[in-house]
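Student: The structure follows.
Values in this text are rule-based calculations from the coordinates and carry no lab data. Predicted, not measured: the structure shown is a model, and the values here were computed from it. Cβ atoms come from the backbone with ideal geometry, glycine included; neighbour counts cover every protein chain shown.
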Amino acid sequence: MAASHPVSLALQQAAAELSHAVQGLSFAPPVTHVYNPLEYARSCHLAYLERYGQGRKRVLFWGMNPGPYGMAQTGVPFGEIASVRDFLGLEQPVGAPLSPHPARPVLGFACPRSEVSGRRWWGAIARAFGDADAFFEDHLVLNYCPLMFLEASGRNRTPDQLPVRERAPLLAVCDRHMRRVVELLEPAWVIGVGHFAEARARHALAGMALGIGRVSHPSPASPAANRGWEALFLEELAALGLSPAAAAHQPVRKLSSGPTTS
């Protein structure tokens with residue numbers, strides 16, 4: 001068996017440190033349940049980093065946090081089940097949160113629901129790049145916050161909706177993780193998927209020598225996304241000079257021999 005790439009190993013360690021750090025945080029009502037897929041879906045998340053996190057990346061995409069039928073089920077960002085299994089080629093065992101919400105069970109790859117955001121995201125990537133390896137040659141997708149927050153009703157509560165006393169320590173942990181990943185992968189661009197992720201990148205990475213941009217989130221809650229997210233996404237990439245066609249003409253860079261130090 002081939003040895004793991006040192007950058008991939010460092011990403012896995014960083015994910016473990018992030019998971020441990022957020023486990024120590026507390027959240028009060030209206031949040032009643034908190035899911036951490038970096039714990040119960042750890043094997044699939046680590047397999048994702050092992051396979052696709054090898055070496056430097058030109059572009060890092062950052063989402064906000066797990067969706068109930070995406071990363072919460074698979075441990076993979078925008079992790080709609082069919083996309084993770086069929087496009088990314090990953091299907092590891094998934095456990096369950098310690099205290100699952102009865103309306104939001106975690107069934108892993110047996111989940112019958114399909115997350116629209118993940119289906120749109122990976123579908124667009126598949127059509128633009130052809131296969132996963134071509135995309136991940138120079139790109140990686142991560143989530144800024146690894147936790148999913150649920151209210152008593154089962155309603156999803158996003159990190160930006162948390163009160164300041166809960167949000168501030170969470171953002172500090174996630175900012176630190178973002179900086180660590182950027183140090184490891186040395187990207188030319190960090191792209192927030194949605195306004196929140198872009199804003200966090202601009203704050204966490206202030207002063208670092210890289211480009212920061214934004215693409216629209218594929219969420220069905222967005223009217224713009226529902227009018228044709230894939231075309232909008234490709235237009236936004238092109239405006240940044242990061243379209244798939246432009247990426248294909250980038251010079252191939254030699255991978256780092258190991259992780260950089262912070």
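Student: Tyr69: net charge of surrounding residues, Cβ under 11 Å, Lys/Arg +1, Asp/Glu -1, itself excluded?
Tutor: Once positives and negatives cancel, what remains is +1.
Student: A further question follows. Measuring from label point to label point, each 7 Å out along Cα→Cβ, what is the Glu236 to Ser99 span in nm?
Tutor: 3.5 nm
Student: What is the local net charge at His195, summed over the other residues whose Cβ is closer than 11 Å to its Cβ (Lys, Arg +1; Asp, Glu -1)?
Tutor: +1
Student: Shifting gears a bit: Do any trypsin sites (Lys or Arg not before Pro) in segment 30-132 lie in a loop, going by DSSP, with at most 16 other beta-carbon atoms within 10 Å of their beta carbon, and if so which?
Tutor: Passing both the DSSP loop test and the Cβ count: Arg113.
Student: How large is the helix-only mean residue ellipticity at 222 nm for the chain, computed as the sum of -39500 (n - 2.57) over DSSP H runs with n ≥ 4, divided by its residue count, in deg cm²/dmol to the nearest 500?
Tutor: -12000 deg cm²/dmol
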